[in-house]
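Some notes on the structure that comes next.
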Amino acid sequence: MTLKHILLHPDPRLKKVCAPVEGVTPDLGKLAEDMLQTMYDAPGIGLAAPQVGVMQRLFVMDCVKGQDEAAKPMVLINPEVTWTSEDRSTYEEGCLSIPEQFAEVTRPARVRMAWTGLDNQRHEEEFDGLWATCAQHEFDHLNGKLFIDYLGPIKRQLITRRMEKFKRERARG
Ligand SMILES: [Zn+2]
């Protein structure tokens, strides 16, 4: 297992639409394992392939909270949104590509997604609560969309400027 380097906003690769995964190969399985490990290590609850510089349509997530519950790592390849609820919910979102910046985002409270698993089978499931928010946030990454794109321009620019400063300081060491 290898921890991947997570790209930080602003980065042109985080603004691109990703290409469909062509097939579930051993290499793809290794990538998914590495992404899960990188996500748990960060720590985070979701990570999309473009965040580690792989411009393909897959993401991983595990929204199980607390030590008492068993982990539920999920790998969603070529996901599609097949249904969203009318009712909305608001969560304070963050992103491993935008560390230490948080903002409230309103999205459909429930979402149904279909995807290919590492078993090469098609799956479909309805997500709610934090799972619904996370799945939609990660799905957005595959279309070059970040949670800050839901904010007004002033808030978005503020966060982007903070991130530019953060990256400059980090580059300086
Ligand atoms: Zn994110």
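Some points to look at:
- If you count Lys pairs in the range 29-173 whose Cα atoms are under 21 Å apart, skipping same-chain pairs closer than 8 places in sequence, the total is 5.
- Of ASN143, ASN120, ASN78, the one that fluctuates the most in a GNM where the chain has Cα springs shorter than 10 Å: ASN120
- Set of aspartates and glutamates with alpha-carbon distance to LYS16 below 20 Å, sequence-local pairs under 8 removed: GLU80, GLU138, ASP140, ASP149, GLU164
- Taking the charge dipole of the chain about its Cα centre, with +1 at Lys and Arg Cβ atoms and -1 at Asp and Glu Cβ atoms, the residue from PRO12, ALA49, MET35 reaching farthest to the positive side is PRO12.
- Where labels lie 7 Å past Cα in the beta-carbon direction, separation of ALA114 and GLU22 in nm: 2.4
- Applying 1/(1 + (r/R0)^6) with R0 = 35 Å to the Cβ-Cβ distance of ARG170 and GLU124 gives a FRET efficiency near 0.30.
- Between ARG13 and ASP68, residue separation times 0.36 nm minus the direct Cα-Cα distance comes to 16.1 nm.
- Around the Cα centre of the chain, unit charges on the Cβ atoms of Lys, Arg, Asp and Glu (plus for the first two, minus for the last two) sum to a dipole of about 1020 debye.
- Other residues within the sphere of radius under 15 Å centred on the Cβ of PRO50, judged by their own Cβ, net out at +1 (K and R +1, D and E -1).
Values quoted throughout were computed directly from the atomic coordinates according to the rules given, and no laboratory measurement underlies them. Only a predicted model underlies this, so the values are computations on that prediction, with no experimental measurement involved. Note: ideal-geometry Cβ built from the backbone for every residue, glycine included; neighbour counts use all protein chains shown.
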